[in-house]
Amino acid sequence: MQVVDKPRLSVIGLGKLGSPMVAVFGAKGFNVIGVDINERFVQTLNEGRAPVTEPQLQEYLERAGQRVRATLDFDDAIAQSDVSFIIVPTPSGADRLFSNRYVVDAIGKIGRALSRKQDYHLVVLTSTVMPGATGGAIQAALERASGRSVGQSLGLCYSPEFIALGSVIHDILNPDLLLIGESDAQAGDLLEAIYAQTVESRPSVHRMNFVNAELCKLSVNTFVTTKISYANMIADMCDHLPGANADVVTRAIGADSRIGLKYLKPAVGYGGPCFPRDNKAFAALGRALGVDCCLAEATDQINDHQIQRLAEAVAASTSPGERVSILGLSYKAQTSVIEESQAITLALLLSKSGYPVTVYDPCANAASSAVLGNTVTVAGSAAEAVGEASAVVIMAPWPQFAEVSWNCGVNRPEQRTVIDPWGIVTSVPGIRLIRPGAGDWRRSVAPADSSAPLRFGSR
């Protein structure tokens, strides 16, 4: 098959990852049709507006211009495209393995549309799935619905993105690697050619069979979560060692080329829609295969413990009944997503333990209110949240938090403690600054018997 210079593309799913993919492909000169069952997403995209909130998304949609359109009609999209990317949810089940139900539903609709089309078509699965899924139930559903066999007239690839909310556009354009699980060389060649016209970095390209690609995706995320938990474990040690500083330690060990600095930063635990569930899925897969994946399980345990560490820092300086403010509710800065957010968990824990809690986030106030209800007070600004508090905890490193006046609203600065796991606050005269993992803060607040560990709820 001759590779088309600019094949026509369709993207199935216009959510937080699909819409940026449409925008990037369109901005890079491809004609792209977005497909979704959500009428509002389709209408918004056809009006030239971003259906979801994501940095640079609106800018790239404007660059794409008339090359982008959206539809509810699978037949229309498949008939007018040569390659279809599927990026729909794969939610975790009770067994912590990923469900294929939305993928199989989309595959069925694509297949039925393909049964009325003669030309070669490539289907690319971008959603994260369990090893064995693409070449198993997903390929079977595609062949059954289309009446074709994967091969000469029908290609199938598994090619997940390595992206993070808040930087999706940048990450699509600048990947470290391109992962292509391919049914055959013809399918892989076409997909690699599309990526070559899209990305701006010089990523390594790794082409392989489906199951290797599926395992690679899970393994990358699990390795990253292990680095995050390892850094936080070092920080926990430094909390108990006079003079120790986790930032100093991790910068040094990260300089070793065998380790590297990326994600080796002590702060708060990981959250969001990918890392926690992928790590749990990896461990669940191991159990199903009879493989010992205790490293992945330990990574989760250390991550969950970070809530206790922060709660102890609050309890060390503030008594129940005194107000605590939490800045940053999204699981990371530059996004409104609160899924698996440790800030939300901490707010609920502190409120349950007798602390009045005020929260604020530049983007996630509305989403957080729906979850937290009347258990907390939602502030309209960071200044308002800080002004009410005896203690402030910075849970997401939004840049604007570095500009907050930390001594506002108190007669004596020493009445307030700022707990800053990220190190974004410089020393403020009079304000007590706790940087978990840096400085000997436990010894300065512990009771005379300092060998007894602080437990949440004690002072």
Check your understanding: Failed condition for ARG287, given (1) over 21 Å from the mean Cα position of the chain (by Cα); (2) surrounded by 20 or more Cβ atoms within 10 Å (Cβ to Cβ); (3) not assigned by TED's automatic domain parsing to the domain that holds ALA391, with all others met?
Key -> (2)
**Study point:** Those residues of the stretch 16-42 which are closer than 20 Å to ASP76 by Cβ, surrounded by fewer than 24 Cβ atoms within 10 Å (Cβ to Cβ) and touching a residue at least 60 places away in the same chain (Cβ under 8 Å), in sequence order
**Key:** PHE30
Review point. Could you give every pair whose Cβ atoms fall below 8 Å, whose first residue belongs to the stretch 95-117 and is assigned to a helix (DSSP H, G or I), and whose second residue is surrounded by 19 or more Cβ atoms within 10 Å (Cβ to Cβ) and of a type in the set (Phe, Trp, Tyr), counting only separations of at least 6 or pairs across chains?
Key: LYS109/PHE74; ILE110/PHE74; ARG112/PHE74; ALA113/PHE74
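Listed here are the residues, each with its yes/no results for (1) within 30 Å of ASN279 (Cα to Cα); (2) touching a helix residue (DSSP H, G or I) at 6+ places or on another chain (Cβ under 9 Å).
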| residue | (1), (2) |
| --- | --- |
| ARG40 | no, no |
| ALA50 | no, yes |
| LEU57 | yes, yes |
| ASP75 | no, yes |
Review point. In this structure, does ARG67 turn out to be more than 27 Å from ALA281 (Cα to Cα) and either modelled with pLDDT of 95 or more or surrounded by fewer than 22 Cβ atoms within 10 Å (Cβ to Cβ) (or both)?
Key: yes
Practice item. Would you check which residues across the stretch 228-285 are over 30 Å from ILE87 (Cα atoms) and among the aromatic types (Phe, Trp, Tyr) and list them? Key: TYR230
Practice item. Go through (1) hydrophobic (A, V, I, L, M, F, W, C); (2) within 17 Å of ARG435 (Cβ to Cβ); (3) in contact with a helix residue (DSSP H, G or I) (Cβ under 6 Å, 6 or more places away or on another chain) one by one and return the number of the condition TRP406 breaks. Key: (3)
Practice item. Answer with yes or no whether PHE85 is out of contact with any Ser or Thr (no Cβ under 7 Å at 6 or more places or on another chain), buried (at least 16 other Cβ atoms within 10 Å of the Cβ) and within 23 Å of LEU142 (Cβ to Cβ). Key: no
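Quick one: which residue in ALA64, ALA50, ALA70 is free of Cβ contacts under 8 Å to residues at least 60 places away in the same chain and part of a loop (DSSP other than H, G, I, E, B)?
ALA50
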Study note, to complete from the structure: ARG309 passes all but one of the listed conditions (1) charged (D, E, K, R); (2) buried (at least 19 other Cβ atoms within 10 Å of the Cβ); (3) more than 22 Å from LYS227 (Cα to Cα); the exception is number (3)
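The values are calculated or read from the model by the stated rules, or taken from the named source; none is laboratory data. The structure displayed is predicted, hence computed values, not measured ones. All Cβ positions, even for glycine, are placed from backbone atoms using ideal geometry, and neighbour counts span all protein chains on display.
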